[in-house]
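Working notes, structure below.
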Amino acid sequence: MQLHLRNHPYRYECENLCRLFFPYSHVKVTDALSPAPGEPWAQALYETGVYTARVSDGERVVEKIHAQPTLEEYAMTDLLYGAFTELTGQTPAWGMLTGIHPVKLLRQYVEELGEDGGVKKFRTRCHVSAPRASLALRTLRAQGPTVSALSENDWALYISIPFCPTRCAYCSFISQDVKHAGKLMGPYFALLLEELKKTARITAALGLRLVSVYVGGGTPTTLSAGQLEELCGQVRGLFDMSCCTEFTVEAGRPDTITREKLMALKAGGVTRVSINPQTLSDEVLKNIGRLHTAQEVLDAFALARETGFTSINCDLIVGLPGDSLTGFERTLEGVLSLGAENVTMHSLALKRGARIEAEGGTGLHRCQEETAAMMDYSIRRLTEEGYMPYYLYRQTRMAGNLENTGWAKPGEVCRYNIYTMDECASVIACGAGGVTKLRDPYSDRLERIFNFKYPTEYISRHGEILERKDGVTRLYEQFRQRLH
Ligand code: SF4
């Protein structure tokens, strides 16, 4: 669709609104409108105190005008949002919110106006639906104890293992399949340990306190049992773990899980694993390019219990190709009967780079109502079963424009997920694709340090990765200097 802007800097926000209502259209910003017949378009204009939003689905045109002497982002986006809702008849569940951290915004409003006032502002200003505002509020409340227990030098370690047995059809992540990238795993692993050593030296010198470790990917259990044992051993040997009560490894796909690997993790001090079915339908598993069956998920879960894991997360996705509401209900009931401590509900996000997207989307998740019904079912059933939502985030191009929510049984929240999604604690990342986010404990500022994305670059330019880690020292020194 074409988007024409004039006299304001809110391009990014207006583009996001176009994608919200026309998620399958490529948004092209143009100097003047020249849409093809039937092509949707939008205009967001500001001229001497008058805002104009004009939108079309290629047939009908809706225009809205608002007079206001000052230039303000909200005046423009609210007007454009109103024009789109009138044109399409859609009222998105999250209203006009297109950012990824709705709970952070709600926290800001609640701090400013109290709970009732904050929720009211969240709903009226952002047009968030009552059920989503309630989900966000429950999440905010559940995060409270974790956020308030943080002290200024607390940090979490993220370790990236960007390899998977095969690439899922919906994956847009940098993960490499072992068939093509298997030979990189050895050198990658050796260099990762070097980065961990440097990180340990830096954080010890700064007097930082490690409170959580999270090994993600990719699928970390693509590593051998010996490598997992070594990784856990190095983490425990290099870092002061005396305040770190949480150590998660994403075991992810059951086709990588063996008794030997789970035992290596358990012996290495891992406290929590993820075993991710995504769906318990064999047909849907096949549609997304997974080489395992639902039964293998159940077997892997039982094996993890046998090995002594008392905290297990299961990821599920709504909106998968070939899935249906009844199929999804069966999946969720299956996971509930396993008694997983955490269930993470994802809405399928079709990002560029996903094979499914490149192949034309296979018509998946265009049935937004059914996807929304799956998510609503999960909210109802997880609540009934005593789980609480404890972290929540959104992505662009999500099925049904919904959200991803982590649910936990009482006392079972994974604090790392709150730290990283709420950006309330520093997370130092090691490995390809890792993004270190340092939170200035004396202000709300967040500084980022990026590692190279792909394992090949990570290996060939490892010297630069180690140099970039010095940024952690530099930034913490700046944080502390500003205080004095
Ligand atoms: S398991 Fe996750 S990271 Fe790996 S290919 Fe599938 S979606 Fe991508």
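The values are calculated or read from the model by the stated rules, or taken from the named source; none is laboratory data. Every value quoted in this text rests on a predicted model; they were computed, and no experiment measured them. Reconstructed Cβ throughout: ideal geometry from the backbone, glycine too, with neighbour counts over all protein chains shown. All accessible areas refer to the heavy atoms of the entire protein, side chains included, with ligands and DNA or RNA removed. Shrake-Rupley method; radii C 1.70, N 1.55, O 1.52, S 1.80 Å.
Kirkwood Rh, Cα Rg: Rg to Rh for region 374-484?
That ratio is 1.09, to two decimals.
With the calculation restricted to Cα positions, what are the radius of gyration and Dmax of region 2-88 in angstrom?
11.8, 36
In whole Hz, with x marking every Gly and Pro, tabulate ³J(HN,Hα) for region 468-480 from phi via Karplus 6.51 cos²θ - 1.76 cosθ + 1.60, θ = phi - 60°.
4, 4, 4, x, 5, 4, 4, 5, 5, 5, 5, 3, 6
Using just the helices of the chain, give the 222 nm mean residue ellipticity in deg cm²/dmol: DSSP H runs with n ≥ 4 each add -39,500 (n - 2.57), and the total is spread over all residues, rounded to 500.
-14000 deg cm²/dmol
Give the long-range amide H neighbours of Glu403: residues separated by 5 or more places, or on another chain, with amide H under 5 Å away, using H modelled in the peptide plane at 1.01 Å from N.
Ser347
Distance in nm between label sites at Leu113 and Leu291, each 7 Å beyond Cα in the beta-carbon direction?
My value for the distance between the label points is 5.3 nm.
Can you tell me the equivalent ellipsoid semi-axes for region 161-277? Use √(5λ) from the Cα gyration tensor, largest first, whole Å.
25, 16, 13
Treat region 78-154 as a sphere of radius equal to its Kirkwood radius over Cα pairs and apply Stokes-Einstein at 20 °C in a medium of 1.002 mPa s; give the translational diffusion coefficient in µm²/s, rounded to a whole number.
159
If you rank Thr48, Thr124 by how much accessible surface each has, with a 1.4 Å probe, what is the order from largest down?
Thr48, Thr124
Order the peptides 137-147, 206-216 from the highest to the lowest mean number of other Cβ atoms within 10 Å of their residues.
Averaged packing, sorted descending, gives the order 206-216, 137-147.
How large is ³J(HN,Hα), in whole Hz, for each residue of region 219-236 in order, when computed from phi with the Karplus curve 6.51 cos²θ - 1.76 cosθ + 1.60 and θ = phi - 60°, using x for Gly and Pro?
Calculated HN-Hα couplings, in order: 10, x, 6, 5, 5, 6, 4, x, 5, 5, 4, 5, 4, 4, x, 5, 4, 5 Hz.
Quick one: which residues, 5 or more positions from Gly217 or on another chain, have an amide H under 5 Å from its amide H? H modelled 1.01 Å from N in the peptide plane, none for Pro or chain starts.
Here the answer is Ile161, since their amide H atoms fall under 5 Å of that of Gly217.
Near the amide H of Thr30, under 5 Å away, which other amide H atoms are found, from residues 5 or more places off or on another chain, if H is placed in the peptide plane?
Amide H neighbours of Thr30: Leu3, His4, Leu5.
Roughly how much of Phe22 is accessible, in Å² to the nearest 10, using a 1.4 Å probe?
Surface open to solvent at Phe22 totals about 40 Å².
In sequence order, what are the phi-derived ³J(HN,Hα) couplings for region 433-442 according to the Karplus relation 6.51 cos²θ - 1.76 cosθ + 1.60 with θ = phi - 60°, rounded to whole Hz, with x for glycine and proline?
x, x, 10, 7, 10, 9, 9, 5, x, 9
When the solvent-accessible surface of protein heavy atoms is calculated with a 1.4 angstrom probe, in what order do Lys469, Lys197, Lys286 fall, highest first?
Solvent-accessible surface, decreasing: Lys286, Lys197, Lys469.
Take Tyr419, Tyr393 and sort them by solvent-accessible surface of the protein heavy atoms, 1.4 Å probe, largest at the top.
Tyr393, Tyr419
In whole angstrom, how far apart do the alpha carbon centroids of region 419-480 and region 274-297 sit?
34
For the chain, take the longest principal axis of its alpha carbons; what is the angle in degrees between that and the long axis of helix 102-126, to the nearest 10 within 0 to 90?
With rounding to tens, the tilt is 50 degrees.
Quick one: of Lys120/Lys409; Lys28/Lys453; Lys28/Lys286; Lys179/Lys453, which pairs are farther than 30 Å apart, Cα to Cα?
Violating the 30 Å Cα-Cα cut-off are Lys28/Lys286.
Express the accessible area of region 7-96 per residue in Å², computed with a 1.4 Å probe while the remaining protein chains stay in the model.
49
What residues of region 22-43 lie in the reach of a label at His66, counting those whose backbone N is under 18 Å from a point 7 Å from the Cα along Cα→Cβ?
42-43, by backbone N distance to the label point.
Taking the full set of protein chains and a 1.4 angstrom probe, give the accessible area of Ile257 in square angstrom, rounded to the nearest 10.
20
Over the chain, with every protein chain in place, what whole percent of the accessible area is carbon and sulfur at 1.4 Å, could you tell me?
51
Using all alpha carbons of the chain, what is the percent of pairwise distances in each 10 Å bin, ordered from the shortest bin to the longest?
In whole percents, the pair-distance histogram is 4, 18, 27, 27, 17, 6, 1.
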